[in-house]
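Okay, structure first, notes after.
Nothing in this text is a laboratory measurement; each read-out follows from the coordinates by a stated rule. These numbers were taken from a predicted model, which means no experiment stands behind them. Reconstructed Cβ throughout: ideal geometry from the backbone, glycine too, with neighbour counts over all protein chains shown.
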2 protein chains.
Amino acid sequence: MTSTDVARDSGVSRTTVSYVLNDTPGVTISDQTRARVRASAERLGYTPSAAARTLRTGRSDLVLYVLPDWPLGPAVDSLLDHLAGELAERGLSLLVHHQRGGRPLTDLLRVVTPRAVVGFTAFATADRDALRRAGVQVLGTLLDDPGAAGLFTASQRSIGRLQARHLREHGHRVIGYAAATDPRVAHFVELRLEGVRAECAEAGLAAPQVISVDPSLESAVAAVRGWRSADPAATAVAAYNDDVAIAVLAAVRAEGLQAPRDLAVIGVDDGPAAPFTVPPLTTVSQALEVQARHLAGVVVEGLRGGDEEGLPTGDDLIEVVARDSV
Amino acid sequence: MTSTDVARDSGVSRTTVSYVLNDTPGVTISDQTRARVRASAERLGYTPSAAARTLRTGRSDLVLYVLPDWPLGPAVDSLLDHLAGELAERGLSLLVHHQRGGRPLTDLLRVVTPRAVVGFTAFATADRDALRRAGVQVLGTLLDDPGAAGLFTASQRSIGRLQARHLREHGHRVIGYAAATDPRVAHFVELRLEGVRAECAEAGLAAPQVISVDPSLESAVAAVRGWRSADPAATAVAAYNDDVAIAVLAAVRAEGLQAPRDLAVIGVDDGPAAPFTVPPLTTVSQALEVQARHLAGVVVEGLRGGDEEGLPTGDDLIEVVARDSV
DNA sequence: CTGAAAGCGCTTACAG
DNA sequence: CTGAAAGCGCTTACAG
């Protein structure tokens with residue numbers, strides 16, 4: 001099923017088929033011919049070969065979104081959905097690549113020729129350069145690595161900062177930090193923790209005591225004991241995310257204590273379980289719908305050759321959802 | 001950066017470059033020449049054009065995984081990771097497409113030329129046919145739609161069955177069902193519910209009273225009142241998933257009742273919050289690691305042209321994780 | 001053992 | 001207003 005078939009079927013040349021099907025501007029073709037060509041294409045179920053178009057034009061309508069190795073949660077799905085929609089309106093298709101192991105990104109070029117690659121996390125320098133060399137546009141990253149400008153999302157540091165500030169505003173002077181143990185997420189833990197540290201330091205509080213939580217009940221119980229037996233004892237804990245916070249909350253109950261009276265807890269994500277914990281979990285919400293819209297704009301702007309600098313960093317894209325655990 | 005550049009740089013023809021870089025069997029090329037070609041390719045950062053290869057050979061090393069519109073949870077990520085790994089070992093790359101709105105799948109063919117498309121849910125017949133016509137292999141689905149054999153996963157019906165059976169085995173004779181309201185998930189609700197109904201019918205129990213839950217606390221409270229005021233009153237509830245179950249559990253507490261004494265609750269997913277609810281949630285776990293391995297095998301087998309029939313349906317891939325809510 | 005040549009399916013100057 | 005022809009970068013019979 002090629003354009004030759006359509007041409008033969010509708011009694012015109014392949015040139016005309018191409019002009020009609022691509023709505024090429026600046027050519028004048030009778031409405032009658034156009035209709036005939038479209039009808040043939042439709043009837044024959046013709047789809048132009050992506051490989052041939054890409055080879056010929058040297059560019060494709062494909063945008064590749066590169067996702068990292070670690071678990072991301074449902075928020076990213078809706079982000080992708082939204083981005084795909086925005087791109088579709090501009091004739092672009094979005095495909096997602098789940099990065100795995102250490103395999104270089106350039107392996108992908110053996111299989112697709114994207115117009116642009118958008119990274120959720122930072123690219124390895126070698127990958128970035130190789131992609132650029134192959135004529136692929138490389139579009140920013142989400143992480144606030146030094147030197148890699150955050151593309152669209154709230155910075156991880158500001159999430160930590162916001163947690164600490166909320167705790168501080170509720171009178172807590174000694175704050176613990178519940179880190180996650182999953183190594184794939186270590187970088188994020190570090191960035192959020194930095195935010196907590198910075199806020200504590202600026203407010204003249206002691207540095208947060210960091211304890212990792214599995215999350216299993218045993219691990220969380222050990223952590224709760226750790227914070228409470230420290231000197232000075234922590235009265236509040238900022239957790240890496242809701243999952244960790246939920247485990248800590250369970251440990252508080254298991255120890256016969258009460259949140260927030262004996263230990264306040266704040267999470268990150270505002271996941272589905274957060275409103276229903278005991279007590280309901282105070283947490284940081286990341287307004288991902290808004291971020292998605294923003295990301296879409298940035299990507300589209302970037303594709304148009306615009307400047308990716310000077311974009312909002314998005315600190316206003318996070319907020320605390322106050323419930324009863326603080 | 002084309003194979004011509006590599007040929008010139010290493011002083012051979014493009015033919016030889018292709019033979020060396022593809023390790024084409026049956027050609028004899030001196031080790032010295034091979035080394036020279038590889039060195040050039042490496043130094044020049046040469047990656048063959050995916051478009052040109054695909055166009056010339058008529059096949060690509062791309063497998064497309066089509067994901068549905070609705071939220072899937074982290075389990076699918078690990079499934080994808082595993083599949084990508086298995087495929088990579090066979091020289092195949094996996095890319096994911098998040099299906100959106102009603103846009104036809106064939107739009108994708110304007111952008112990529114996959115060897116095969118693997119569907120998480122069933123394909124629309126039109127899509128399936130169009131893909132096949134374009135020479136793309138279409139590989140099964142997960143849903144147990146009539147006529148669309150389940151590709152790899154446990155059937156949704158058996159999940160519902162298993163919930164009801166567990167409840168029944170714990171002495172419950174009147175069972176309620178907590179459905180989800182998200183329309184994107186309606187089909188799954190229906191299938192799981194069918195399983196519950198079937199199990200109840202076979203055991204001679206009344207049909208389950210179905211109430212939808214938001215999930216918000218108000219909605220869940222209304223549901224709990226509904227089940228308890230029914231005649232006969234339900235003593236146990238099978239929930240569509242953990243999220244719904246968690247809301248129901250919160251409603252039970254809000255009403256001053258206790259689970260499982262006043263109302264037993266069983267979820268589906270065994271998500272991260274399940275061990276930490278009050279009381280800890282009994283739920284159905286879907287051995288997704290195992291399913292992933294299985295899926296990878298099926299896909300690879302399918303690509304090899306093998307038969308996708310006669311595969312395990314995977315009813316042994318689910319099990320209840322008994323905690324304290326039943 | 002290596003190279004010249006054809007051709008995959010498309011788009012797009014260019015000629016008529 | 002429409003068509004013949006070139007050429008994108010590759011692979012692969014085929015000739016030497």
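Some observations on this one:
- For residue B:286, residues with placed amide H under 5 Å, excluding near neighbours: B:269
- The tail of the calculated P(r) for chain B beyond 32 Å holds 45 percent of all Cα-Cα pairs.
- For residue A:173, the label point sits 7 Å beyond Cα toward Cβ; its separations from the matching points on the remaining copies run 6.2 nm, from shortest to longest.
- When the charge dipole of chain B is built from unit charges on Cβ atoms (+1 for Lys and Arg, -1 for Asp and Glu) and taken about the Cα centre, the candidate among B:295, B:17, B:159 whose Cα reaches farthest toward its positive end is B:17.
- Sorted shortest first, the separations between the residue B:230 label point and its copies elsewhere in the assembly read 4.9 nm; each point sits 7 Å from Cα along the Cα-to-Cβ line.
- The length gained on full extension between residue A:27 and residue A:8, counted as 0.36 nm times the residue separation minus their Cα-Cα distance, comes to 4.8 nm.
- Extent of region B:3-123 along its three principal axes (Cα atoms, max minus min coordinate, largest first): 54, 28, 27 Å.
- The protein assembly as shown - convex hull of alpha carbons, volume per residue in Å³: 188 Å³
- Interchain or long-range residues, amide H under 5 Å from residue A:65's placed H: A:95, A:96, A:97, A:118
- Counting other Cβ atoms within 10 Å as a rough exposure proxy, the listed residues B:214, A:23 run A:23, B:214 from fewest neighbours to most.
- Distances between copies of residue B:23, taken at a point 7 Å out from Cα along the Cα→Cβ vector and listed shortest first: 4.7 nm.
- In Hz, Karplus ³J(HN,Hα) per residue of region B:254-270 (6.51, -1.76, 1.60; θ = phi - 60°; x = Gly, Pro): 4, 7, x, 9, 10, 9, x, 3, 8, 7, 8, 9, 10, x, 9, 2, 6
- Ranking of A:155, A:212 by count of other Cβ atoms within 10 Å, fewest first: A:212, A:155
- For region A:1-68, the normalised intensity computed at q = 0.13, 0.16, 0.21, 0.28 Å⁻¹ comes to -0.42, -0.58, -0.88, -1.26 (log10 of I(q)/I(0), Debye sum over alpha carbons, equal scatterers, no solvent).
- Where GluC sites (Glu not before Pro) in DSSP loops with at most 16 other Cβ within 10 Å are excluded, longest remaining stretch of chain B: B:1-254
- Taking A:256, A:195, A:135 in turn, the Gaussian network model of chain A (Cα-Cα springs below 10 Å) assigns the largest fluctuation to A:256.
- Charging the Cβ of each Asp and Glu at -1 and of each Lys and Arg at +1, and nothing else, the dipole of the protein assembly as shown about its Cα centre rounds to 2100 debye.
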